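The values are calculated or read from the model by the stated rules, or taken from the named source; none is laboratory data. Being a predicted model, the structure only gives us computed values, none of them experimental. All Cβ positions, glycine included, derive from the backbone under ideal geometry; neighbour counts span all protein chains shown.
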Amino acid sequence: MKPKVGIPRALLYYNYFPMWKAYFEELGAEVVLSDLTNKRILNEGVNCCVDDACLPMKVFHGHIIDLKDRADYLFIPRLISVKKNEYICPKFCGLPDMVLNSVKGLPPVIDCTINMRNGSSSFRKAVLEVGKRFTQDYRRIYRAYNKAIAQLRDFESLMEKGATPLEAMKGELPRHEGFKYTVGLIGHPYNIYDNYVSMRIIDKLRARGINVVTQDMVCTRELDKIAGNFTKPMFWSFGKKIMAASQYLIEKRQVRGIIYLVAFGCGLDALVGDLVERRIRRNGLPFCLLTIDEHTGEAGIDTRLEAFIDMLEWRDAAKC
Ligand code: SF4
C-alpha cells in the first residue's frame, strides 16, 4: 500500500502544492489533502493554537487536526528562506515545533529545513533527505525533483496569465473579457486565495464585473526589476513581492484601485501595509485596507467592498 503524505491546504499550499504533489507521487506516495477551510477547521485551529498567533497560523493548525488521522506522514517543512538573500516570516521557521507542541497524536512529521538564503543547495539537500524516507534510489529522487520543478514552473506560468492558484491547479484560465475594469488585490497568498478566510473576495469582485490582478499574476521578472530599485533592499520575500506588485500596478495604471487584505496580528503586514498605502495614496489611486481575523463577519467585509466599488463607479461617473 502506498504511504500517505498529508499536506494541509493552508499557508504555502497556495504557492507550492503542485510541486510537492508531483514530488511525492513520483516517489510512490499518495498525497492526502485537508478539507477546504471551513468553520470547523477554523474553530479547531483557534482552540488549539496559541492565542497571539496570527489568523493564518491558527487556520494551519485546524488543517493539521483535520488531516492527522488520515495520513501516515504530515509534511510541515521548516522554512527559513525561499529565495537567495531573502527571508520569510520567522513563524514559518518554528511551525513544525509549534504544531507538535499544540496538537497531540500526530503521525511522523516531515520537517525538512529549507533555507535558500545562500542559494538553492539547501533545497536540493532537503529534497534528498525527504526522498530517502521513501526510496534509496537516488536517480528516482532526482527524477521526482526535476518533475516537481517543472510542475512548479507550469503552475506559476498559469498564474502569471491571470489564474488564481486554485484555477491553476485545475489547469484553468479565467475569462479576460467582459469586465468593466480591473482592481489590484494584494496580500499574503494564504489570505487572498483561501476562499473561507478571504470570504470569496475574488469571486465577489468578478461577479460585480471587476477583473482582479494579484501579485502572483504579475511577471516575476518585472517584480524583481522594480524591487531592485527600492531605496533599501527588502529582505522579506512576501513583503518585497507585495510592495513591488503595488508599485507595478500604480506605474502601469492597469488598475482603478487597490485592495490590501491583511491578517490581524501580522507584523509584516503592519509595516508593509503602511508603506504600500502611502505609495498608493501619493499616486491618487483609491485604496482599501481590509483586516481579517477569526471574528471578522462576512457582512462587514461585504459592506467595505461595496463601498469601495461604489466609490470607483462614482469616480468614473465624475470623469464623464
Ligand atoms: S507573515 Fe504575517 S500572516 Fe504570515 S505567518 Fe507571518 S505573521 Fe502570520
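Residues considered: 58, 161, 84. Of these, the only one that is of a type in the set (D, E, K, R), surrounded by 15 or more Cβ atoms within 10 Å (Cβ to Cβ) and touching a residue at least 12 places away in the same chain (Cβ under 8 Å) is 58. The set of residues in the range 216-256 that are under 21 Å from the mean Cα position of the chain (by Cα), closer than 17 Å to residue 282 by Cα and either outside the structural domain of residue 301 (by TED's automatic domain parsing) or more than 16 Å from the ligand (Cβ to nearest atom) (or both) comprises 244, 246, 247, 248, 249.
Are any of the residues in the range 1-9 over 27 Å from residue 265 (Cβ atoms) and either free of Cβ contacts under 8 Å to residues at least 24 places away in the same chain or within 16 Å of the ligand (Cβ to nearest atom) (or both)?
In the first step, residues of the range 1-9 are kept if they are over 27 Å from residue 265 (Cβ atoms); the result is 1-5.
Then drop every residue that is not either free of Cβ contacts under 8 Å to residues at least 24 places away in the same chain or within 16 Å of the ligand (Cβ to nearest atom) (or both), which leaves 1.
Looking through the range 1-9, at least one residue is over 27 Å from residue 265 (Cβ atoms) and either free of Cβ contacts under 8 Å to residues at least 24 places away in the same chain or within 16 Å of the ligand (Cβ to nearest atom) (or both).
Pick from 199, 169: which is surrounded by 14 or more Cβ atoms within 10 Å (Cβ to Cβ), away from the ligand (no atom under 16 Å from the Cβ), under 18 Å from the mean Cα position of the chain (by Cα) and at pLDDT below 95? The match here is 199.
In this structure, does residue 45 turn out to be buried (at least 22 other Cβ atoms within 10 Å of the Cβ), within 16 Å of the ligand (Cβ to nearest atom), free of Cβ contacts under 8 Å to residues at least 40 places away in the same chain and among the small types (Gly, Ala, Ser)? In short, yes. Might you let me know whether the range 144-156 holds any residue that is β-branched (Val, Ile, Thr) and outside the structural domain of residue 289 (by TED's automatic domain parsing)? For the range 144-156, residues β-branched (Val, Ile, Thr) and outside the structural domain of residue 289 (by TED's automatic domain parsing): present.
Could you tell me whether any residue of the range 64-73 is under 22 Å from residue 238 (Cα atoms), modelled with pLDDT of 95 or more and within 16 Å of the ligand (Cβ to nearest atom)? Working first, answer last.
Looking only at the range 64-73, we keep the residues that are under 22 Å from residue 238 (Cα atoms), and these are none.
The answer is no, given that none of the residues of the range 64-73 is under 22 Å from residue 238 (Cα atoms), modelled with pLDDT of 95 or more and within 16 Å of the ligand (Cβ to nearest atom).
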